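*Asks:* I'd like to ask some things about the structure below.
The values are calculated or read from the model by the stated rules, or taken from the named source; none is laboratory data. These numbers were taken from a predicted model, which means no experiment stands behind them. Virtual Cβ from ideal backbone geometry, glycine too; neighbours counted across all protein chains shown. Side chains are part of the model used for accessible areas, which takes the heavy atoms of the whole protein and leaves out ligands, DNA and RNA. Shrake-Rupley method; radii C 1.70, N 1.55, O 1.52, S 1.80 Å.
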Amino acid sequence: MSFVYPHSEIEAKWQKAWSDKKTDVADIANAKKPFYNLMMFPYPSAEGLHVGNMYAFTGTDIYGRFKRLQGFDVFEPIGLDGFGIHSENYAFKVGKHPVEQAKRSEKNFYRQLSLIGCMYDWSRTVQTYDPGYYRWTQWLFVQMFRHGLAYRAKAEVNWCPSCKTVLADEQVIDGKCERCGNLVEKKALEQWFFRITAYAGKLLENIGSLKWSEKVLSAQQNWIGKKEGINITYPVVDEKGENIGEVVCFTTRPDTNYGATFVVLAPEHPFISVLQRVIKKEKADAITQYITKAKKVSSQDRIAHGRKKTGVDTGLWCVNRLTGQKMPLYVSDFVVMGVGTGAVVGVPAHDERDYAFAQEFHLPIRKVIGWKGELHIVIPKQFVIDKSISNLTSPQVFVEEREATIAVVCGIDSSNEVISCMQELFRKSDGYAYIDGDMSGLVTKEGIITQEHDIAEFFSERHINVNEVWPAYKDSYPFCYTGDGYVVDSDFLNGKATEQAIPLMMDYLEKNGWGKRVTSYHLRDWLISRQRYWGPPIPMIHCVKCEAAGKGERSDTPGWYTVPDDQLPVELPYIEDYKPGDDGIAPLAKHKEFYETPCPGCGEVAARETDVSDTFLDSSWYFLRYPSIGSASENNAPFDPKVTKKWLPVTMYTGGAEHSVLHLMYSRFVTIVLKEWGYLDFEEPFPNFFAHGLVIKEGAKMSKSKGNVVNPDEYIKLYGTDALRLYLMFMGPFSEGGDFRDSGMEGMHRWVNRVWRMATSSLEVSTDIVMSDIVVKNLHKTIKKVGEDTSRRHYNTAIAAMMEFTNCVADNNGTLTLPMLKDFLVILAPFAPHLTEELWARAGGEFSIHTQAWPKYDDTYLVEQSVPVVIQVNGKLRDTVHIDIESASDQKKVEAISQASEKAQKFLAGKKPKKIIFVAGKLINYVV
RNA sequence: GCCGGGAUGGCGAAAUUGGUAGACGCGCAGGUUUUAGGAACCUGUGCCGCAAGGCUUGGAGGUUCGAUUCCUCUUCCCGGCACCA
C-alpha cells in the first residue's frame with residue numbers, strides 16, 4: 001500500500017536514526033559558520049505541551065533546518081525552565097512534591113518534544129532545577145552582591161495572598177497577580193533587590209541597535225519610561241510665615257510654574273509626620289484620619305481614572321519662590337508615593353487632575369499659556385465670510401485671501417482676544433460656533449478642550465483635506481497644538497514657546513538653587529526574593545553579631561556575607577513542609593539544619609538566607625549555558641569563554657511577545673552587567689528577536705485556564721508530525737499565529753498523501769522521462785519562492801508555493817525525474833523532516849537529507865516566454881492578452897494588438913485616446 | 001489618555017517597487033468511482049445580475065491614467081503603559 005503515507009512507522013524510524021547518528025548534535029568546537037538558533041525554553045506548568053507550544057517550536061525549527069541546508073552550523077538546543085512558581089503551583093495542584101513532579105514533567109515534556117521532529121541537540125539540555133545549573137544562578141547573585149547591584153530594602157512590596165509570596169512589579173497586571181489573578185496586596189517586607197534602574201539609560205539606549213519588532217521594542221520603551229524633568233524645592237511655612245521645612249516636587253513642565261497655585265503630598269509622604277508636629281491638633285487629627293481612610297482604599301480603586309478628588313488641607317503653605325506667593329499645602333491620595341517625589345505642584349490651568357482638584361477645593365486657576373505673536377487661522381473658502389471680520393477685533397487683524405483659504409493673521413498677545421475673535425469668526429462662517437472656549441487648551445467653564453480634535457472633526461465633517469487648504473498646517477496652524485503654546489504672565493518666560501521655556505526655566509531654577517534637573521524612569525529595581533520553596537536558595541549568610549559590630553562583606557550591608565564560591569551550590573534540601581505560609585516566612589526558614597551555618601566573617605553561628613530567587617533569574621542567563629555544556633570548563637565556570645566568543649550573542653532568538661518586558665529585559669540587564677564585569681564582550685544577548693504569533697482556539701488564546709488546549713499527541717498519532725507541522729505553519733505568517741481547526745488539519749493530511757503518491761509513483765517510473773517545460777520552470781520558481789518566504793518566516797506562502805508545484809506536476813503526468821524529485825524533497829525537508837528523509841532514502845539519496853545543500857535555481861528558467869498583458873481603458877481592465885515577451889515590451893506592437901481586441905474596442909470605439917500609458921510587459925492603459 | 005500593531009470572500013489567508021484584488025487551502029455545490037459510508041479524482045465557487053455589465057480590500061476624502069499599497073481624517077479590534085505630575 002504505497003498510496004497512504006505510513007507516518008507512524010517512518011517517524012519512529014528516522015527519529016531513531018537521527019539520534020543514533022547524532023545528526024543534530026552541533027560541532028561546537030569546530031563549526032565554521034555558527035548559527036545559534038534559540039527558542040524560549042518552556043516552563044512545565046502543565047501535564048504536557050499543547051499545540052500552541054508546538055507551533056512556536058516548529059516555526060523556530062523550520063528556520064534552523066533551513067539555515068542548516070544553507071550551509072550554517074546550526075545549534076538548536078532545548079531545555080526546561082522548571083524551577084519556580086509556575087512549576088511549583090502545578091505540583092500543588094496535582095498533589096505532588098515539586099521534586100517528584102519535576103521528574104515527571106521532565107520525562108513527559110522531553111518525550112513530546114522529541115516527537116515533534118525538531119533538530120534539538122539532545123546532548124546539551126538545561127534544566128534550571130539541576131544543582132549543576134543553579135549553582136551558577138547563585139554565582140550570578142553573588143556577583144551582583146559583590147558589585148553592589150544586590151541590596152536589601154524594607155519596602156512596600158506586592159504580596160499575592162493566594163501564591164503567598166511577593167511579586168515583582170512586572171508580575172502585577174492591573175493590580176492582580178500574573179500567575180493566579182488574585183488581587184495583590186501591599187506588604188512591608190525586607191527583600192532583596194537588583195539595581196536594574198542603574199542601567200535604565202543603557203537599556204533604553206541600546207534599543208536602537210536591536211532588530212526586534214516594533215511591538216516588542218515599544219513595550220520595552222514604555223516599561224523603561226524615561227522622563228526628563230526637574231525636582232523643585234519649596235520652603236514650607238506656617239501662617240506666621242515661619243519656616244517648617246521643605247517639600248520637593250518633580251515636574252516635567254516647570255515652564256508653567258508661574259501658574260502653580262497649590263502643592264499636594266501623597267498620604268505616605270514622610271514630611272507629613274514632620275508637619276503634624278507643628279500644626280494644630282485638630283488639623284493633625286484630620287490628616288491622620290484621612291490617611292487611615294486612604295490606606296483602606298485598594299490600590300486598584302486608588303488609581304482609577306476620573307475618581308472624585310479628595311484631600312485635606314494642612315493649613316501650611318509652600319512658597320513659590322518665582323512669585324513669592326504662598327501656595328496651600330494639601331494631602332491627597334491622587335498623588336502616589338512611588339511616582340516622582342510623591343509630591344506634586346498643582347498647576348490647575350494646564351493639567352486635568354490639578355484642575356479637578358482645584359475645582360473641588362475652590363483653589364485659584366492661573367493661565368500661563370496663551371497665544372502671542374502671529375496666529376494663522378485658516379478657513380475653507382466655502383465658509384469664508386466677508387472681509388469685514390477684520391473690523392471685529394484688535395488692531396492688527398487682517399484677512400489675506402489665498403487660493404482656497406483665508407488666512408487671518410493676528411498680532412495680539414492676549415489669548416482672550418484671540419478667542420473672542422475666533423469665536424466670532426466661526427460664528428459668522430456657516431453659523432458654526434464650534435469653539436466654545438479657549439484656544440490654547442486652557443481651562444473653561446466646561447473643562448479642558450483639546451482643540452486639535454475639534455478642528456479635525458470640523459474639517460472632516462466637511463470632507464476637507466486640511467493639508468490642502470493650508471499646506472503649512474503642521475507648522476503654523478494653531479489648532480494643531482494641544483495645550484502647548486506661548487508662555488504668558490510669566491515674567492522672563494513671556495512669549496517663549498513651551499519647548500524653549502522648559503530648559504530656560506530649568507536653568508533659572510538651578511541657577512538660583514531652587515531646583516535640580518533629574519531624569520526619572522518608570523522602571524523599578526528588580527525584586528528578586530521569593531518566600532517560596534521551589535527555587536535556588538539565595539546564597540547569602542546573615543550574621544547578627546557582625547551586623548551589631550557594623551561588619552560585613554560590604555560596608556553598605558553590614559551583617560551580610562556571600563556564600564564562598566567553593567561552597568556553591570547551596571543545595572535546595574528535600575523537605576516535606578514545602579508549602580508557603582500566610583506569614584511571608586519562607587518554608588526553608590523552618591529548617592534549622594538548613595540555615596544554621598558558620599559566619600564567613602567571624603565564624604560564629606549565623607543563618608543562611610531562606611528566601612529563594614525569582615524564576616526570571618534562572619532564565620536570565622540560560623542562553624549562555626547551552627553551548628558550553630560538554631566543554632572542558634563546564635564545571636568550573638558558568639560558560640566557556642572560547643565557546644561563548646564563537647557562538648554568542650544568540651544568532652536568532654524566537655519566542656512569545658508576552659515576554660516583552662519580563663524575560664527579555666532581565667536577560668538584557670544580566671548580559672550588560674556581565675559585559676561590564678569582563679565576562680562577555682557583547683552587551684546585547686539577542687540582537688535578533690522574532691516574536692511569533694499565538695495559536696487561537698475558539699476565539700481565545702490557547703491556555704490551560706481557558707480549557708481550550710489541544711494536545712498534539714492525538715493529532716500526531718492520527719495524521720503524523722509532519723502533517724501537523726505543515727498545518728500549523730500554513731495557518732498564516734509565523735508572526736501572526738492562527739486559529740486551530742480540525743478541518744484544516746485534514747486538508748493538510750491530504751496534501752501530505754499527495755506528495756507521498758507523487759514521489760512513490762515517480763520512483764516507480766524512474767526511467768528518463770521527458771519533463772514538460774512547465775514543470776521544470778515551476779520547480780525553479782518554487783525553489784526561489786520557498787527560499788525567500790522561509791527567510792522571512794512566511795511559511796504559509798512557502799507551503800502554498802509547494803502546493804502549487806505539486807498541482808502543476810499532477811496536471812502534467814504526475815511524475816518527476818529523480819533529480820527534480822530530490823530538489824523538491826530538500827526544499828520541503830525543513831517543514832516535513834520525516835516524510836522527506838524517507839523519500840530521500842528511497843530515491844537513493846545519501847543520509848541525511850537534512851545535511852544536503854539548498855538547491856540552486858536557474859534564473860533563465862524564471863523568464864517567461866509569453867506574458868499576460870492587460871488592456872485597460874480609463875484604468876479599468878477590459879481584456880487580457882498573452883503575447884511573447886519581446887512584443888510585450890514594444891509599445892507599438894502592444895497598441896496594435898489591443899486595437900484588435902474586441903472587448904477593448906467596445907470601450908474605445910469612436911473615442912480618441914487622450915493619453916496612453918504603457919508599462920512594458922505588463923499593461924497598456926487608454927485614457928479617453 | 002499616551003505608545004505600538006491591525007481590519008481583504010462563508011472561513012484561514014495571498015498580492016516582495018503604486019500596475020490583472022482574492023494565489024494556496026478549508027468549506028460549499030454538482031459530477032465520476034463505490035453495495036453504503038469514507039477515501040480519491042474532475043468541475044464550479046467574491047457580491048449583484050438571465051446577460052451585457054456593475055460593485056468590491058472597515059468608513060469618508062485626497063494624490064494618480066491607475067491605490068489593498070502613498071497622504072489626511074475617522075470607526076472598530078488586538079497588545080503595551082497609565083491619576084507618571
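*Asks:* When only residues in segment A:747-767 that are open to solvent by 50 Å² or more (accessible area, probe 1.4 Å) and among the β-branched types (Val, Ile, Thr) count, which is farthest from RNA strand B (Cβ to nearest atom)?
*Replies:* So, considering only residues that are open to solvent by 50 Å² or more (accessible area, probe 1.4 Å) and among the β-branched types (Val, Ile, Thr), the one farthest from RNA strand B (Cβ to nearest atom) is A:Thr767.
*Asks:* Which residues, taken from segment A:227-243, are open to solvent by 40 Å² or more (accessible area, probe 1.4 Å) and away from RNA strand B (no atom under 16 Å from the Cβ)? Steps first, answer last, please.
*Replies:* Filtering segment A:227-243 for residues open to solvent by 40 Å² or more (accessible area, probe 1.4 Å) gives A:227-228, A:239-243.
Selection gives A:Glu239, A:Lys240, A:Gly241, A:Glu242, A:Asn243.
*Asks:* Pick out the one residue from A:Arg524, A:Arg554 that is part of a loop (DSSP other than H, G, I, E, B), modelled with pLDDT under 90, of a type in the set (Lys, Arg) and open to solvent by 40 Å² or more (accessible area, probe 1.4 Å). Can you show your working first?
*Replies:* Details: A:Arg554 fails: modelled with pLDDT under 90.
Checking each option against the conditions leaves just A:Arg524.
*Asks:* Kindly indicate the residue of segment A:630-648 that is more than 33 Å from the chain's Cα centre (by Cα) and under 18 Å from A:Ala26 (Cβ atoms) and also most open to solvent (accessible area, probe 1.4 Å) among those meeting that condition.
*Replies:* Filtering first and then ranking leaves A:Ala632.
Residue by residue, here is whether (1) open to solvent by 20 Å² or more (accessible area, probe 1.4 Å); (2) closer than 19 Å to A:Asn231 by Cβ; (3) touching a residue at least 24 places away in the same chain (Cβ under 8 Å); (4) among the hydroxyl-bearing types (Ser, Thr, Tyr) holds:
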{"position": "A:Trp317", "(1), (2), (3), (4)": "yes, no, yes, no"}
{"position": "A:Asp333", "(1), (2), (3), (4)": "no, no, yes, no"}
{"position": "A:Met337", "(1), (2), (3), (4)": "yes, yes, yes, no"}
{"position": "A:Val345", "(1), (2), (3), (4)": "no, yes, yes, no"}
{"position": "A:Pro348", "(1), (2), (3), (4)": "no, no, yes, no"}
{"position": "A:Ala356", "(1), (2), (3), (4)": "yes, no, yes, no"}
{"position": "A:Glu360", "(1), (2), (3), (4)": "yes, no, yes, no"}
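*Asks:* Is one or more of the residues making up segment A:254-272 out of contact with any Leu (no Cβ under 7 Å at 6 or more places or on another chain) and part of a helix (DSSP H, G or I)?
*Replies:* Checking segment A:254-272: at least one residue is out of contact with any Leu (no Cβ under 7 Å at 6 or more places or on another chain) and part of a helix (DSSP H, G or I).
*Asks:* Working carefully through the options A:Ala904, A:Ala909, find the one that is more than 49 Å from the chain's Cα centre (by Cα) and over 11 Å from A:Val870 (Cα atoms). First the steps, then the outcome.
*Replies:* On the way: A:Ala904 fails: over 11 Å from A:Val870 (Cα atoms).
Step by step, each of A:Ala904, A:Ala909 is checked, and only A:Ala909 is more than 49 Å from the chain's Cα centre (by Cα) and over 11 Å from A:Val870 (Cα atoms).
*Asks:* Looking at segment A:196-211, can you tell me whether even one residue there is open to solvent by 50 Å² or more (accessible area, probe 1.4 Å), within 27 Å of A:Leu329 (Cα to Cα) and either more than 13 Å from RNA strand B (Cβ to nearest atom) or not small (Gly, Ala, Ser) (or both)?
*Replies:* No, there is no match, as no residue in segment A:196-211 is open to solvent by 50 Å² or more (accessible area, probe 1.4 Å), within 27 Å of A:Leu329 (Cα to Cα) and either more than 13 Å from RNA strand B (Cβ to nearest atom) or not small (Gly, Ala, Ser) (or both).
*Asks:* Taking A:Arg253 as the residue in question, decide whether it is within 15 Å of RNA strand B (Cβ to nearest atom), touching a residue at least 40 places away in the same chain (Cβ under 8 Å) and open to solvent by 30 Å² or more (accessible area, probe 1.4 Å).
*Replies:* Details: within 15 Å of RNA strand B (Cβ to nearest atom): yes; touching a residue at least 40 places away in the same chain (Cβ under 8 Å): yes; open to solvent by 30 Å² or more (accessible area, probe 1.4 Å): yes.
The answer is yes for A:Arg253.
*Asks:* Continuing with this model, one more query. All but one of (1) surrounded by fewer than 18 Cβ atoms within 10 Å (Cβ to Cβ); (2) under 29 Å from the mean Cα position of the chain (by Cα) hold for A:Thr128, so report the exception by its number.
*Replies:* Going through the list (1) surrounded by fewer than 18 Cβ atoms within 10 Å (Cβ to Cβ); (2) under 29 Å from the mean Cα position of the chain (by Cα), A:Thr128 breaks only (1).
*Asks:* Let me ask something else. When you scan segment A:771-785, do you find a residue that is touching a Ser or Thr at 6+ places or on another chain (Cβ under 7 Å) and of a type in the set (Lys, Arg), even just one?
*Replies:* Step one: list which residues in segment A:771-785 are touching a Ser or Thr at 6+ places or on another chain (Cβ under 7 Å), which gives A:771.
Those left that are additionally of a type in the set (Lys, Arg): none.
Checked against the condition, which is being touching a Ser or Thr at 6+ places or on another chain (Cβ under 7 Å) and of a type in the set (Lys, Arg), segment A:771-785 yields no hits at all.
*Asks:* Further, regarding this structure: Across segment A:840-862, what is the total count of residues that are among the small types (Gly, Ala, Ser), open to solvent by 20 Å² or more (accessible area, probe 1.4 Å) and in contact with a Phe, Trp or Tyr (Cβ under 8 Å, 6 or more places away or on another chain)? Outline the logic, then answer.
*Replies:* Residues of segment A:840-862 that are among the small types (Gly, Ala, Ser), as a first pass: A:841, A:843-845, A:848, A:853.
Keeping just the survivors that are open to solvent by 20 Å² or more (accessible area, probe 1.4 Å) gives A:841, A:844, A:853.
Of the ones still in play, those that are also in contact with a Phe, Trp or Tyr (Cβ under 8 Å, 6 or more places away or on another chain) are A:841.
Number satisfying all stated conditions: 1.
*Asks:* Scan segment A:773-787 and tell me whether some residue there is more than 10 Å from RNA strand B (Cβ to nearest atom), surrounded by fewer than 17 Cβ atoms within 10 Å (Cβ to Cβ), over 13 Å from A:Tyr55 (Cα atoms) and of a type in the set (Val, Ile, Thr).
*Replies:* yes
Quick grid of which residues meet (1) under 35 Å from the mean Cα position of the chain (by Cα); (2) at negative phi:
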| position | (1), (2) |
| --- | --- |
| A:Ile502 | yes, yes |
| A:Glu553 | no, yes |
| A:Pro558 | no, yes |
| A:Pro569 | yes, yes |
| A:Gly581 | yes, yes |
| A:Ala589 | no, yes |
| A:Gly603 | no, no |
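*Asks:* Quick check on my filter: what residues within segment A:157-175 are in contact (Cβ under 8 Å) with a residue 40 or more places away in the chain and open to solvent by 40 Å² or more (accessible area, probe 1.4 Å)?
*Replies:* A:Pro161, A:Lys164, A:Asp169, A:Asp174
Here is a yes/no grid of residues against (1) under 28 Å from A:Phe92 (Cα atoms); (2) surrounded by fewer than 19 Cβ atoms within 10 Å (Cβ to Cβ); (3) of a type outside the set (Asp, Glu); (4) free of Cβ contacts under 8 Å to residues at least 12 places away in the same chain:
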| residue | (1), (2), (3), (4) |
| --- | --- |
| A:Leu572 | yes, no, yes, no |
| A:Pro600 | no, yes, yes, no |
| A:Tyr626 | no, no, yes, no |
| A:Tyr653 | no, no, yes, no |
| A:Ile672 | no, no, yes, no |
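*Asks:* Can you give me the ranges of the helices (runs of 4 or more DSSP H) entirely in segment A:565-626 with at least 1 residues that are under 14 Å from A:Tyr129 (Cα atoms)? Break it down stepwise before answering.
*Replies:* Working: elements: A:592-595, A:615-618, A:622-625.
Of the helices (runs of 4 or more DSSP H) lying wholly inside segment A:565-626, those with at least 1 residues that are under 14 Å from A:Tyr129 (Cα atoms) span A:615-618, A:622-625.
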